[in-house]
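Q: Pasting a structure below so you can have a look.
A short reminder: the numbers here are calculations on the coordinates, not readings from a lab. Computed from a predicted structure; not experimentally measured. So basically every Cβ, Gly included, is an ideal-geometry build from the backbone, and we count neighbours across all protein chains shown.
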């Protein structure tokens, strides 16, 4: 009787999953990943290898040592180093302030109270300041805001947090703290770890609580508690994501969980699929930054870990697909929309450069290594042996793809002989006739699909496909097909 060959289809989706038993994961979620590094779950389907980053300016920020903060404002980057504040639009760095003390992370907030956009800086050591692109102003109207660490704009007031004290200015003036004109202050029990305005309310986070400020002015402010059991344990991890607010709590990433009924909260954990890794991640690093949801800190670039999350359903904390990012050492990061384009600038801990994320195909000249490992796939009955004959892996490329494919049978048992690794190169990025512009970045921008088609060796009850890529340009893993035959029971 001839051997019957069949086809098994894998649609890469579901992201990194680590809270499900491996065999169950392969049966119920064959398109999810046991390892997903430097890929992002794409809202258009599949897994996309991430873009790289390049230098924002070819010139280092003047000085030595750590750059304590970076921001993007009105077409320029602002960077803080050696007690000085610098600005650059992509060329040399110009000094806009000197003689300050910088020993902790610098944070920024853009305001617009009277038609003039300004950026406010706070650093935990000095009085805050404002900068409008030409004028630098120290904000020192009260000693209560000296060494403040967080700043937010709410109801035309500017709120400054120093320890557990929150001080707010009069309306429409970030420098005036006259109580009779509408300024004031309030205290929370612990040090503030973040302030965030969401749905016409000001949320004040500490490590163990979340408070909310309602009202329109000093006359009717109401400070109430959202929770006194959960808080934001790491500063700079609060972000608005798809109509909700995400933050790092002591047990992972949580969403504030605001529903359409204002005032109702769920506080669910959205990092459940990667929960143990997130707890280890939290315990490993001492500094955190976030941009949408991606966390990085400490270490050399090669060993710096972070997380990428894509939300597929608004206000559903369980609709996040996760992936790891390795090789982007972020100490401070900022994301702004300017003239219709998004600019994400960041600084690390090892150099004096400011970098532009989502730019280029490498990490500032270093090839990006990426991995996608499927769970162990039983394909059919996990007690029956299957022989694999062929694979088709379909890609949407933006250039050439270089990778290795390793088949790992039966949970890598020591008694199991594994087949050799398959090395492959898929050519992509050829421009379509009539659309290419020679000599510009759009040359090779229009591509056709690439398909890896190769014969396979080996058999087993389960198999894991391990794809490892290096030196490639961005691409999407779209669909994988396996041709196999079902054999007898062992």
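Q: So the label point goes 7 Å from the Cα of residue 219 along Cα→C-beta, right? Which residues of region 170-203 then have their backbone N under 15 Å from it?
A: Counting backbone N atoms under 15 Å from the label point, the list is 171, 180-183.
Q: Could I have the simple spin-label model distance between residue 402 and residue 454, label points 7 Å from Cα toward Cβ, reported in nm to one decimal?
A: My value for the distance between the label points is 1.5 nm.
Q: Something else: Which order do the peptides 385-392, 3-10 come out in when sorted by mean C-beta neighbours inside 10 angstrom, highest first?
A: 385-392, 3-10
Q: Neighbouring Cβ atoms within 10 Å as the yardstick, rank 216, 488 fewest first.
A: With the sparsest Cβ surroundings first, the list reads 488, 216.
Q: Taking 30 Å as R0, compute the FRET efficiency from the Cβ-Cβ separation of residue 138 and residue 190 and round it to 0.05.
A: Numbers: r = 28 Å, r/R0 = 0.94.
Taking R0 as 30 Å, the efficiency between residue 138 and residue 190 is 0.60.
Q: Can you give the extra length, in nm with one decimal, that the chain gains between residue 180 and residue 387 once fully stretched, where that is 0.36 nm per residue apart less the Cα-Cα distance? Don't skip to the end; give the middle numbers.
A: On the way: separation 207, 0.36 × 207 = 74.52 nm, distance 8.14 nm.
Stretched out fully, the residue 180 to residue 387 stretch lengthens by 66.4 nm.
Q: Report the FRET efficiency, 1/(1 + (r/R0)^6), for residue 6 and residue 423, where r is their Cβ-Cβ distance and R0 is 25 Å, rounded to 0.05.
A: 0.40
Q: For region 448-490, what mean projected area does the convex hull of the alpha carbons give, in nm²?
A: Spelled out: convex hull of the Cα atoms, projected over all directions, averaged, 4.4 nm².
Q: Taking other Cβ within 10 Å of each residue's Cβ, how do 44, 468 sort, fewest first?
A: Placing the least packed residue first, the sequence is 44, 468.
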